[in-house]
Amino acid sequence: MNECLFCKIANKKELADVVFESNKIVAFKDIYPKAPIHLLIIPKKHIPSVNYLKKGDKDLVGELFLVAQGLAKEYKIDKIGYRLIFNVGKDAGQTVDHLHLHLLGGKKLPWA
Ligand code: 5GP
Ligand code: ZN
């Protein structure tokens, strides 16, 4: 079976600049940062997008946000502000079909 790119990162088969790891979640720097701080927070489990979330994933999704909260604090952008984004599907520009939460900050972010 062909593993997706983010599964490979989660399984250490593909290199990434990892900034956080737990048994269920990994966070790493985006390779093409759109802001001074641009991190991707992913579940290790393969879920293609928000469209595929199940009731049983509730805790996992909550954890993604708590990891984002912690990283925002660690990178000292919790007070000045940051943005959290899930792109879902083609029109939103989702390019990797493995659920990922973007954490962007470190500058005043333009909207749209
Ligand atoms: P999407 O557009 O699907 O919401 O976000 C995918 C993100 O993954 C993009 O911001 C892109 O720059 C990032 N990305 C794509 N390939 C790689 C990679 O190999 N390593 C890392 N660290 N980020 C990647
Ligand atoms: Zn995957």
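Structure above, values below:
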| read-out | value |
| --- | --- |
| Within the range 18-34, considering residues that are over 13 Å from the mean Cα position of the chain (by Cα) and within 11 Å of ligand 1 (Cβ to nearest atom), the one surrounded by the fewest Cβ atoms within 10 Å (Cβ to Cβ) | Tyr32 |
| Selection count where residues are farther than 22 Å from Pro48 by Cβ and either within 16 Å of ligand 2 (Cβ to nearest atom) or part of a strand (DSSP E or B) (or both), scope the range 77-103 | 2 |
| Residues of the range 89-108 that turn out to be exposed (fewer than 15 other Cβ atoms within 10 Å of the Cβ), within 14 Å of ligand 1 (Cβ to nearest atom) and of a type outside the set (Gly, Ala, Ser), as a count | 3 |
| Enumeration of residues in the range 31-51 that are of a type outside the set (A, V, I, L, M, F, W, C), within 16 Å of ligand 2 (Cβ to nearest atom), part of a loop (DSSP other than H, G, I, E, B) and within 22 Å of Gly89 (Cβ to Cβ) | Lys45, His46, Pro48, Ser49 |
| Hits in the range 67-76 - residues which are in contact with a Phe, Trp or Tyr (Cβ under 9 Å, 6 or more places away or on another chain) and either part of a loop (DSSP other than H, G, I, E, B) or β-branched (Val, Ile, Thr) (or both) | Val67, Tyr75 |
| Neighbours by Cβ (under 9 Å, 6+ apart or cross-chain): first from the range 52-72, farther than 13 Å from Leu84 by Cβ; second assigned to a helix (DSSP H, G or I) | Leu53/Leu60; Leu53/Val61 |
| Selection count, the range 1-25, where residues are assigned to a loop (DSSP other than H, G, I, E, B), modelled with pLDDT of 95 or more and within 14 Å of ligand 2 (Cβ to nearest atom) | 7 |
| Which numbered condition Phe28 fails, given (1) assigned to a helix (DSSP H, G or I); (2) within 16 Å of ligand 2 (Cβ to nearest atom); (3) among the aromatic types (Phe, Trp, Tyr) | (1) |
| Residue ID - nearest to Lys108 (Cα to Cα), chosen from residues in the range 35-74 that are basic (Lys, Arg) and surrounded by 13 or more Cβ atoms within 10 Å (Cβ to Cβ) | Lys44 |
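The values are calculated or read from the model by the stated rules, or taken from the named source; none is laboratory data. As the structure is a computational prediction, the values presented were derived from the model and not from experiment. Because the Cβ atoms are built from the backbone with ideal geometry, glycine has one as well, and the counts that use them run over all protein chains shown.
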